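Here is the structure we will look at.
Every read-out reported here was derived from the displayed coordinates using simple, explicitly stated rules and does not represent laboratory data. Here the structure is a predicted model, which means the values were calculated and not measured. Here the Cβ positions follow ideal geometry from the backbone for every residue, glycine too, while neighbour counts run over all protein chains shown.
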Amino acid sequence: MEYTIINGLKVIKQKGGVMKNVNKKLIALMTLVLFALPVLVFAQLPDPTVPVPAPAGGGLTLTTFADWLNDIATFLITIGLVIAVIFIIWGGISYMAAGADEAKATAARTKIKNGFIGAVVVLGVGLILWTASTLISGQFFT
């Protein structure tokens, strides 16, 4: 076992250094938190939204179709935003872990930028679907 003496204390040399081990543990902890976060956020929902079935006797109406469109859009927008946030956080962690390596830092900045672009696109599609849903149901002009 190799060691050096610093200010009268024996310091054991580790392969890879202490910061490398701390970075690995921090990345593992942040990954665990990221995977647990959607569960923690949705834990407060009293009743998850599910698509409304078509009426038994009358067939499909415009209001029912608009409700389906709204429910499906809300679900997909939520999933898209969660994925965008995961990409932004992953890019931030990669940027912190990049150190002096310029190629890794550039790749991490690209991840962050793509995460923001993805969030804007998802929100834009959500706005379009919300507008279409309210136009179909006739609630837009009331």
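Residues in region 63-75 carry Karplus couplings, in order, of 5, 5, 4, 5, 5, 4, 4, 5, 5, 5, 5, 4, 4 Hz; the curve used is 6.51 cos²θ - 1.76 cosθ + 1.60 with θ = phi - 60°, and Gly or Pro positions show x. Put simply, when 73-79, 100-106 are sorted by average Cβ atoms within 10 angstrom per residue, most first, you get 73-79, 100-106.
Rounded to whole numbers, the Karplus 3J(HN,Hα) couplings from phi for region 110-127 are 5, 4, 4, 4, 5, x, 5, 4, x, 5, 5, 5, 5, 5, x, 5, x, 5 Hz, using 6.51 cos²θ - 1.76 cosθ + 1.60 with θ = phi - 60°, and x at Gly and Pro.
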